[in-house]
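Asker: Supplied in structure tokens, the structure appears directly below.
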Amino acid sequence: MNSVFEALAHPTRREILEILKEGSKSAGELADAFRVSKPTMSGHFSKLKEAGLIHSDQKGTTIIYSINLSMLEEVLLGFMGRMGTAGNGEGDKT
């Protein structure tokens, strides 16, 4: 879970995920949305992949990235469970 929060800590990586919510994009399409070098973008993609937040598929010479929503959901539910807010009704007691 730490790798996911580490990946989400950077605003560029969060914005990449926001873009990928709309659908899969090539590395070039994603890189064009940011004012950083391609090696910097590659580092962001690597961090997101290591955390399991995105998938990549090679199509010829193009890399296509897509979001892994199941990983995001799993991490959020796990985090909420640790915080005691995973829908267990605890907050309803008076």
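Asker: What residues have an amide H closer than 5 Å to that of Ser26, excluding those fewer than 5 places away on the same chain, when H is modeled at 1.01 Å from N in the peptide plane?
Answerer: Residues meeting the amide H criterion: Tyr65.
Asker: Calculate how steeply helix 11-20 sits against the longest principal axis of the alpha-carbon atoms of the chain, using the helix alpha-carbon long axis, and give the answer as 0 to 90 degrees to the nearest 10.
Answerer: Roughly 80 degrees between the two axes.
Asker: Ok, one more. Set the Förster radius R0 to 30 Å, insert the Cβ-Cβ distance between Asp32 and Glu73 as r into 1/(1 + (r/R0)^6), and round the FRET efficiency to 0.05.
Answerer: That gives a FRET efficiency of 0.55.
Asker: Here's something else I'd like to know. Compute the projected area of the convex hull of the Cα atoms of the chain, averaged over all viewing directions, and report it in nm² to one decimal place.
Answerer: Working: hull surface 28.3 nm².
Over every viewing direction, the Cα hull of the chain projects on average to 7.1 nm².
Asker: List every residue whose amide H lies under 5 Å from the amide H of Ile54, counting only residues 5 or more places away in sequence or on a different chain, with H placed 1.01 Å from N in the peptide plane.
Answerer: Result for Ile54 returns Lys49, Asn68.
Asker: Counting helices only, and only those DSSP H runs with n ≥ 4, report the 222 nm mean residue ellipticity of the chain as the sum of -39,500 (n - 2.57) divided by its residues, in deg cm²/dmol to the nearest 500.
Answerer: Here the helix-only value at 222 nm equals -16000 deg cm²/dmol.
Every number here is computed from the coordinates shown, using simple stated rules; none is lab data. Nothing here was measured: the structure is a model prediction, and the numbers come from that model. Glycine gets a Cβ as well: all are built from the backbone with ideal geometry, and neighbour counts include every protein chain shown.
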